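**Student:** Sharing a structure with you now.
The values are calculated or read from the model by the stated rules, or taken from the named source; none is laboratory data. All figures in this text were calculated on a predicted structure; none of them were measured in a lab. A quick note on method: Cβ atoms are made from the backbone with ideal geometry, for glycine too, and the neighbour counts reach across all protein chains shown. Protein only, heavy atoms only, side chains kept; ligands, DNA and RNA dropped before computing areas. Shrake-Rupley method; radii C 1.70, N 1.55, O 1.52, S 1.80 Å.
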Amino acid sequence: MADDVSFPCYYVQKEAAGVRAEPTRRTLADLPPGDVLVRVAYSSLNYKDGLSATGNPGVTRKFPHVPGIDAAGTVEASSAADLRPGEAVVITGHDQGQNTWGGWAGFVRVPADWIVKLPEGLSPRDAMSYGTAGLTAAQCVEALQRRGVIPGAGEVIVTGASGGVGSIAVGLLAKLGYDVTAVSGKPAAAELLQRLGARRIVGRGDVDDKSGKPLLAARYVGAVDTVGGNMLATLLKSMQRGGVVAACGLVGGAELPLTVFPFILRGVDLAGIDSVECPPEQRRRIWSNLAGPWSLPQLEDLTTEITLDEVGTYVERILKGESTGRIVVRPTTTR
């Protein structure tokens, strides 16, 4: 394709007066170099995208910039022998949407090893309904499984359950037969969480102990924590002997206020989850599972679709903690 071909995108610039972010059009010549040009059908909105879209230097340092850590679509052109034009693909993580232009655009150009071929039975839109959130949730489930947390062993708790990672984690765990408790501060999300399979729904205060005790009553065999901070500390102190916590978020803080007692007296395992540099073989396995045995029948219930014209409004919502489920971005604009 000619370099002067234009496409819509959500363009973020730093100016003297601050950050300006808006839908506009750019050309293929503006894209970074890479092995594969992908025509984007859908992207998604994650918390990290909200930070990038507002100029947060902890996420994005190079401007002008196009956010979107996720993208799904078809190969338009490729120098990689195993990726042919017309093939459906998905891209999540790596540096896409951080300092390499991301999926809130009609096209992306990326290294071939960032790309996973979409497995049969998974559409680009469904892939973005899962997105990085689904990949992360599935990594958390795998971490519990690998460490011996099996269905029927006891209660598994998910924090931030109304968000993207949390809601998918609730659905996956329930589908696999686990006894799931969902933690949410949004009463309006209760019905959705029940449809996803949560047996119990509790408020944030139930897992945010501020007593300072080194250990709490042993209750859970497993946990998926998307929050961090004191809530993660509370979970670790509340695990049964040999319990496992998969940790993947820090919206509640990066500090971990606790002693070593949960680890040396109860043998609790803290499993860190890194979705950005998830190994290729794990990515392929997870996407295959999400297309098959782990697919969620409630996926559409979790999904809200928006265009680039609506991104600014939804960025505000996700940064304020007002977003529920998954937001799919269709890279079109009226401008």
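**Student:** Leaving ligands, DNA and RNA out of it, rank K186, K62 by accessible area with a 1.4 Å probe, largest first.
**Tutor:** K62, K186
**Student:** Kindly report, to the nearest 10 Å², the accessible surface of Y42 as traced by a 1.4 Å probe over protein heavy atoms only.
**Tutor:** Here the accessible area works out near 50 Å².
**Student:** Please report, in debye to the nearest 20, how large the charge dipole of the chain is about its Cα centre when each Lys and Arg carries +1 at its beta carbon and each Asp and Glu carries -1 there.
**Tutor:** For the chain, the charge dipole is close to 740 debye.
**Student:** Please work out whether the range 276-319 counts as rounded, prolate or oblate from its C-alpha gyration tensor, where a ≥ b ≥ c are the square roots of the eigenvalues and a/c under 1.5 means rounded, while otherwise a/b larger than b/c means prolate and anything else oblate?
**Tutor:** oblate
**Student:** In square angstrom, what is the accessible area per residue of the chain with a 1.4 angstrom probe?
**Tutor:** Spelled out: the 1.4 Å probe surface of the chain, per residue, equals 41 Å².
**Student:** What accessible area, in Å² to the nearest ten, does a 1.4 Å probe give for C9?
**Tutor:** Result for C9: roughly 0 Å² accessible.
**Student:** Turning to a different aspect of this structure: Give me the distance in nm between label points sitting 7 Å out from Cα along the Cα-to-Cβ direction at V276 and R84, one decimal.
**Tutor:** With each label point 7 Å from Cα toward Cβ, the separation is 3.6 nm.
**Student:** Here's something else I'd like to know. Checking the cross-link filter: which aspartates and glutamates have an alpha carbon closer than 13 Å to that of K117, excluding same-chain neighbours under 8 positions apart?
**Tutor:** D82, E87, E281
**Student:** In addition: Using +1 at the C-beta of Lys and Arg and -1 at the C-beta of Asp and Glu, which of V315, G205, L215 has the Cα lying farthest in the positive direction of the dipole of the range 199-335?
**Tutor:** Value computed over the given set: L215.
**Student:** Grab the DSSP H runs of the chain that are 4 residues or longer, score each as -39,500 (n - 2.57), total them, divide by all residues and round the 222 nm result to the nearest 500 deg cm²/dmol.
**Tutor:** -7500 deg cm²/dmol
**Student:** Suppose every K and R has +1 on its Cβ and every D and E has -1 on its Cβ; what is the size of the dipole of the range 53-103 about the Cα centre, in Debye to the nearest 20?
**Tutor:** In debye, rounded to 20, the range 53-103 gives about 240.
**Student:** While we're looking at this one, here's another question. Within the set K48/K186; K186/K320; K48/K237; K14/K186, which residue pairs have Cα atoms separated by over 23 Å?
**Tutor:** K48/K237; K14/K186
**Student:** What's the angle, to the nearest 10 degrees (0 to 90), between helix 280-291's Cα axis and the longest principal axis of the chain?
**Tutor:** Once rounded, one gets 80 degrees.
**Student:** Dipole of the chain (Lys/Arg Cβ +1, Asp/Glu Cβ -1, origin at the Cα centre): which of L250, L28, S43 lies farthest to the positive side?
**Tutor:** Checked the options; the winner is L250.
**Student:** So, with a 1.4 angstrom probe, what is the percent of accessible area on the chain that is carbon and sulfur?
**Tutor:** 50 percent
**Student:** If you fit an axis through the alpha-carbon atoms of helix 124-146 and take the longest principal axis of the Cα set of the chain, what angle between them do you get, 0 to 90°, nearest 10?
**Tutor:** Roughly 30 degrees between the two axes.
**Student:** Further question on the same structure: For F261 and D206, what is the calculated FRET efficiency with R₀ set at 25 Å and r taken between the beta-carbons, to the nearest 0.05?
**Tutor:** The computed FRET efficiency comes out at 0.75.
**Student:** Between L83, P119, Q98, whose Cα lies farthest towards the positive end of the dipole of the range 71-127 when Lys and Arg beta carbons carry +1 and Asp and Glu beta carbons carry -1, centred on the Cα centre?
**Tutor:** The residue sitting farthest along the positive end of the dipole is Q98.
**Student:** Could I ask something else about it? In nm, to one decimal, how far is the modelled label at D4 from the one at A16, with both set 7 Å along Cα→Cβ?
**Tutor:** In this crude label model, D4 to A16 measures out at 3.3 nm.
**Student:** Please work out the Cα center distance from the range 97-118 to the range 198-222, rounded to the nearest Å.
**Tutor:** Answer, in whole Å: 39.
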